[in-house]
Amino acid sequence: MNANIVPASPENISRAAELLRAGRLVAFPTETVYGLAGDATDDRAVARIFAAKGRPRFNPLIVHVPSLAAAEAIGEFDARAHAAARQFWPGPLTLVLRRRAASGVALLACAGLDTVAIRVPAHPVAHALLRQTGRPLAAPSANRSGHVSPTQAAHVAAELGNRVALILDGGACAVGLESTVLDLSGGAPTLLRPGGVTLEELSALLGDIAVAGGDPSAPRAPGQLASHYAPTLPLRLDTTTALPGEALLAFGPETPAGFAEMLNLSESGDLAEAAANLFALLRRLDRPQFTGIAVMPIPERALGRAINDRLRRAAARG
Ligand code: TXA
Ligand code: MG
C-alpha cells in the first residue's frame, strides 16, 4: 500500500486540513469520486493541482464548500439556484453560477471566467475536511488528466503517487460517477455534464433543461472533450458479440458467452449499482492480456445517461 494512504480518522483529517492551509494538495473521498483538493483561494495551490494532474490546459475546477451559506459567499444565487441547492445539496450536483466579485476564489480555479462551479458534497469525510480547513477547496477528480476517475483510495495512489501529500481513505465512493454540472449562470438551465443527479430529477424541479454537448468537439463545459476518462484498451459499446480476446463489461441478468473475461456492472440491472461500479470495473478490465473491452447496452435513462456519457468518452479516443 502507498505510504500516502491514511484512514480518514479525525486526526488525519486535521492533518489534511493543516496541509491544505499550507498550500499543499490532499486527496479526499466524496460520494461521487475521489477529489484532488487544494485551497481554492490560493493561486499557487490551484496551479499545483493542474501540475499534479498533468492537465494540458487550465480547465475551470469545481469549488467545494460545506454549506449553502458558504456557497452564497462565492456565487450569485437566484430562485432557481436556491431551489436546486435546497433539494440536492449536500449531494452530487454542481451549480455553475455568476461569480461574486469578492468571492476570494483564485482566478485560476475559474480559468478566468466570470462564473464559478460550486458543490456541497455529502460525504462525511469531505464535509469534515471542508469545515476544518475553513477555506473553499478546488478539487477535480484525483486522476491524471484523461484517465478514468478514481473511486477508491488505491486508484488515487496508482494515479498520483507522491504528487499528493496525503490520501484520505474513506472507502469506495457510493455514487461512483462525477457530479451533475448544471449551468444556472444566465439563460435557460443547461445540463453541462450528466452525473449523480439525473436529468429527470432536475426537470421535475426546474422544468425544461437544455442539454449541452450535442457536438462533443465544441464543449460547453470547458474540459468536457470527447476523449476523456479513457482506459488504455479500445472500447466497443452497445454490443453482445465477442471479438477474439475481448473482455466484456456486462449489464443485467442475461449475459452473452464467448468473452475472455466478464465483469458485470449490475447483475440485477440496477443503474445506481452500475454507476458505482463503472470506473472500478473499467480499471480491472484494462489489462494488456485483452484485446479490447466490449460493453453491453445500458438504457439511456436516469443514471444510465451519465454512464453512457462516460462510456462514449472512454470509447472516443484520439
Ligand atoms: O464529482 C465531481 O464533480 C468531482 C468531485 C471531486 O467533486 N469533481 C470533478 O471535477 O469531477 P472536474 O474538475 O474533473 O470536473 C469539473 C467540471 C468540468 O467539466 C468543467 O468543465 C466544469 O466542471 N466546470 C467547472 N467550472 C465551470 C464553469 N465556470 N463553467 C462551466 N463549466 C465549468
Ligand atoms: Mg475529471
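No value in this document is a laboratory result; all are computed from the given coordinates. Computed from a predicted structure; not experimentally measured. Cβ: placed from backbone, ideal geometry, glycine included. Neighbour counts: every protein chain shown.
Counting just the residues of the range 183-203 that are away from ligand 2 (no atom under 16 Å from the Cβ) and of a type in the set (D, E, K, R), which one comes out surrounded by the fewest Cβ atoms within 10 Å (Cβ to Cβ)? Looking at residues that are away from ligand 2 (no atom under 16 Å from the Cβ) and of a type in the set (D, E, K, R), I get Glu200.
Going through (1) touching a Pro at 6+ places or on another chain (Cβ under 6 Å); (2) small (Gly, Ala, Ser); (3) more than 18 Å from Ala109 (Cβ to Cβ) one by one, Ala40 falls short only on (3). For the range 257-277, the tally of residues that are touching a residue at least 12 places away in the same chain (Cβ under 8 Å) and in a helix (DSSP H, G or I) stands at 6.
Residues in the range 133-157 that are over 24 Å from Glu18 (Cβ atoms) and within 12 Å of ligand 1 (Cβ to nearest atom): 8 in all.
For the range 282-313, filtering for residues that are closer than 20 Å to Cys173 by Cα, under 18 Å from the mean Cα position of the chain (by Cα) and either buried (at least 17 other Cβ atoms within 10 Å of the Cβ) or hydroxyl-bearing (Ser, Thr, Tyr) (or both) leaves 11. Checked against the criterion of being closer than 21 Å to Gly23 by Cα, more than 12 Å from ligand 1 (Cβ to nearest atom) and touching a residue at least 24 places away in the same chain (Cβ under 8 Å), the candidates Leu130, Leu160 yield just one match: Leu160.
Restrict the check to the range 123-137 and report whether at least one residue is within 16 Å of ligand 2 (Cβ to nearest atom) and within 23 Å of Leu199 (Cβ to Cβ). No, the range 123-137 has no match at all.
Tell me, which strands (runs of 3 or more DSSP E) wholly within the range 112-213 include 2 or more residues that are under 25 Å from Ala101 (Cα atoms)?
115-119, 180-183, 190-193
Given the conditions (1) farther than 25 Å from Arg301 by Cα; (2) touching a strand residue (DSSP E or B) at 6+ places or on another chain (Cβ under 9 Å), which single one is not true for Gly171? The one condition Gly171 does not meet is (2).
So that you can scan it fast, the table gives a plain yes or no per residue for (1) touching a residue at least 12 places away in the same chain (Cβ under 8 Å); (2) touching a Lys or Arg at 6+ places or on another chain (Cβ under 8 Å); (3) more than 13 Å from Arg119 (Cβ to Cβ):
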site: Thr41; (1), (2), (3): yes, yes, yes
site: Ala47; (1), (2), (3): yes, no, yes
site: Gly54; (1), (2), (3): yes, yes, yes
site: Leu61; (1), (2), (3): yes, no, no
site: Ala69; (1), (2), (3): no, no, yes
site: Ala81; (1), (2), (3): yes, no, no
site: Ala84; (1), (2), (3): yes, no, no
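Residues of the range 67-82 that are of a type outside the set (Asp, Glu) and within 13 Å of ligand 1 (Cβ to nearest atom): Ile74, Gly75. Taking the criterion of being within 16 Å of ligand 1 (Cβ to nearest atom), out of contact with any Phe, Trp or Tyr (no Cβ under 9 Å at 6 or more places or on another chain) and not polar (S, T, N, Q), the residues of the range 1-42 that qualify are Leu20, Leu25, Val26, Pro29, Glu31, Gly38, Asp39, Ala40.
Only strands (runs of 3 or more DSSP E) whose full extent lies in the range 1-109 are considered here, and the ones with at least 2 residues that are surrounded by 20 or more Cβ atoms within 10 Å (Cβ to Cβ) are 26-28, 35-39, 62-64, 93-99. Within the range 230-248, being in contact with a Gly (Cβ under 8 Å, 6 or more places away or on another chain) and either assigned to a loop (DSSP other than H, G, I, E, B) or hydrophobic (A, V, I, L, M, F, W, C) (or both) holds for Ala230, Leu233, Pro234, Leu235, Thr241, Ala242, Leu243, Gly245, Ala247.
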